[in-house]
Each structure stands twice: as C-alpha cells, then as structure tokens.
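Notes to accompany the following structure.
The values are calculated or read from the model by the stated rules, or taken from the named source; none is laboratory data. Given the structure is predicted, the values throughout are model-derived calculations rather than measurements. Cβ: placed from backbone, ideal geometry, glycine included. Neighbour counts: every protein chain shown.
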Amino acid sequence: MPDPFGPLETTWPLYAGFLLAYLVGSIPFGLVLTRMAGLGDIRAIGSRNIGATNVLRTGRKGLAAATLLLDGGKGILAVAVGWQFGTDFALLAAIGAVLGHCFPVWLKFKGGKGVATAIGVWLALVPNVGVIVCGLWLAIAFVFRYSSAAALVAMAVAPFLAWHLKGVEFGIAGGVIAAIIWLRHHQNIRRLIKGEESKISFGKK
C-alpha cells in the first residue's frame with residue numbers, strides 16, 4: 001500500500017478511490033424514494049433521518065425495504081470496486097461509503113446513521129462478518145424493537161470478528177466504521193439511557 005502521507009503522484013489513487021466510495025455512499029436513497037412516492041421530505045417526520053428505519057415510519061414497508069436494500073447495495077458496490085485494486089483500496093472504500101452515507105455532501109453533511117450501508121460493506125468485505133452482523137442486528141431489533149440498540153451492538157461486535165477472521169487491518173477498519181456509526185447515534189444513546197428511545201413499529205400508522 002502506498003504511504004498515505006507520501007508524494008501525491010503515488011498516493012492519489014488511494015485518495016481518488018476513497019472519494020469515489022464516499023460519493024457513492026452519499027446517495028440519499030431514502031430521501032429520493034420517499035419523494036418519488038409523493039411522501040415529501042422524509043427529514044420532516046419521525047427521527048428526521050434518511051434511513052430505512054425512518055422510512056418505515058411512513059407505513060410504507062416496501063419503500064423501507066427498498067431503502068434498506070439500496071443503502072446496503074451502495075456499500076457492497078463501493079467495496080466490490082475497491083477489491084479490484086487490492087485489500088487496502090477495499091478497506092478505504094468501506095470507510096468512505098459509510099462516511100458518505102452519514103455525512104453526505106449533497107445534504108450539507110447531514111445524512112443517515114449508516115447501519116444498512118455498513119452491513120453492505122461487511123458483506124462485501126468479510127461475508128462471514130456481514131452475515132453475523134446482519135443477523136445480530138435483525139434479532140435484537142425484532143426482540144427489543146430498538147433499531148438503534150441493535151445497530152450499536154452489531155457494529156461494536158464487527159471489528160472483533162473482523163480482526164479474528166482477517167487480521168489487524170480489517171479490525172482497525174471495522175473500528176473506524178463502528179466509531180462513525182456510534183458518533184451518529186449519540187442522540188439515540190442519550191434517549192436509550194433515559195428510556196425515551198422510540199421503538200420500531202411494523203404496522204401502518
């Protein structure tokens with residue numbers, strides 16, 4: 001891997017790959033789909049988030065599922081392209097895609113919580129980790145109905161799994177991804193502590 005602090009003529013591919021992954025991750029599918037469906041700005045309801053959990057609050061399960069798949073898909077795409085250039089590019093693409101979803105340039109850096117994109121990233125980066133993280137998130141969310149708590153636990157577990165299965169570089173990348181997602185959930189953490197966090201509703205309003 002080129003030294004990221006080395007001469008620009010050798011490091012620019014790393015920066016370019018990271019930037020492209022960031023831009024892919026920045027695509028706000030939740031916002032685009034809800035507007036196309038005539039539901040207005042998803043940021044005006046519920047948690048004011050652009051992710052699948054908030055889309056679900058519209059009562060449109062199909063739309064929420066599409067948002068989930070597309071947000072996960074952009075993570076898969078970014079890492080899959082990164083893999084074509086090597087492990088280091090794939091790891092940077094993983095971080096870039098999650099960062100893009102959480103802080104998208106198109107929305108003045110106010111994006112989603114990054115969970116679906118992170119799961120997609122793990123499915124492409126280390127499939128075994130992706131499957132475990134996805135299953136853990138679904139199980140906790142289904143039993144306790146707290147999407148935020150499920151995400152926090154699943155993302156905290158991922159770096160240790162990645163470290164064990166693939167080595168230190170994957171563990172470090174997983175730690176960065178987890179840190180980004182925990183940062184985006186800081187308000188949810190406060191509400192969970194106070195017992196004020198909203199639960200997921202699978203029925204129509």
Could you please let me know if K113 is crowded, with 18+ Cβ neighbours inside 10 Å and assigned to a loop (DSSP other than H, G, I, E, B)?
-> yes
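Out of everything in the range 137-146 that is within 21 Å of I76 (Cβ to Cβ) and either modelled with pLDDT of 95 or more or crowded, with 19+ Cβ neighbours inside 10 Å (or both), what residue ends up being nearest to the chain's Cα centre (by Cα)?
Pass one, the range 137-146, residues within 21 Å of I76 (Cβ to Cβ): 137-138, 141.
Those still in the list that are either modelled with pLDDT of 95 or more or crowded, with 19+ Cβ neighbours inside 10 Å (or both) too: 137, 141.
Details: W137: 12, A141: 16 Å.
That would be W137.
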For I50, state whether it is in contact with a Leu (Cβ under 7 Å, 6 or more places away or on another chain), part of a loop (DSSP other than H, G, I, E, B) and under 30 Å from K199 (Cβ atoms).
-> yes
Would you mind finding the one in A149, A173, A156, A179 that is surrounded by 22 or more Cβ atoms within 10 Å (Cβ to Cβ) and not acidic (D, E)?
-> A173
Within the range 35-43, is there a residue that is under 16 Å from D71 (Cβ atoms), in a loop (DSSP other than H, G, I, E, B) and under 19 Å from the mean Cα position of the chain (by Cα)?
-> no
Could you say which residue among L183, L152 is at pLDDT 95 or above and in contact with a His (Cβ under 8 Å, 6 or more places away or on another chain)?
-> L152
